Amino acid sequence: MTAHLAALGVEPALRDGLIAAHAISAAAAFILGALLLARSGNHPVQSSLYVTALTLMAVFVTGAVILDWRSLSPATRGIFAALLALGAYTVWRGWQARKKLTAAGPSLPGALDDLGFTLITLFTGFVVILADDLGGPVWLVVALSVLAVATGRRLAHLVTARRLRRPDSPEVGSAASARDHRRAGAAINDRR
């Protein structure tokens, strides 16, 4: 089939369309995932849109790789196979995040961990592709990818810590709330 498409001159247009759809889906997944990470509460529609965009991103890039597979060198095939496996794992983590966020008793720490992983993966992909497309040397692309992962991990950790902090903890609550905790502790000690 791909030979027939190539003879018609359709294959390059199809590949470009798949890559464009992949990029749009990835950007949508990143935005929706970042909103899910930052916002509190249960957002089932947004969670569904997020995993749909994430899944479409992987499907579109897989289609583009399949179209190019014959023309790739063995080393490039290995790299793309590894990247497709990472994409599949990222989609799985996205679905796990959705399941945890929309469950009757959401497992927020696990969901935030899964969301953070997918966002870091997407952000690193954006940085690496941009650096490569702009003609950056390999060492710069590698350095930027390491920096993107480190920055993403730090940001995800900060957001997760903020989201998981109890609203009645002395750090977050008012001075009155802290006094109430001390009084409750003193009352318990007096009963002993």
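Where a number appears in this text, it was derived from the coordinates with a stated rule and is not lab data. Here the structure is a predicted model, which is why all the values come from computation and not from measurement. All Cβ positions, glycine included, derive from the backbone under ideal geometry; neighbour counts span all protein chains shown.
Ranked by the mean number of other Cβ atoms within 10 Å of their residues, highest first, the peptides 52-63, 115-126 come out as 115-126, 52-63. Of the peptides 81-93, 18-30, the order by per-residue mean of other Cβ atoms within 10 Å, starting with the highest, comes out as 18-30, 81-93. All distinct Cα pairs of the stretch 2-171 go into the 1/r average, and the inverse of that average, the Kirkwood radius, is 17.4 Å.
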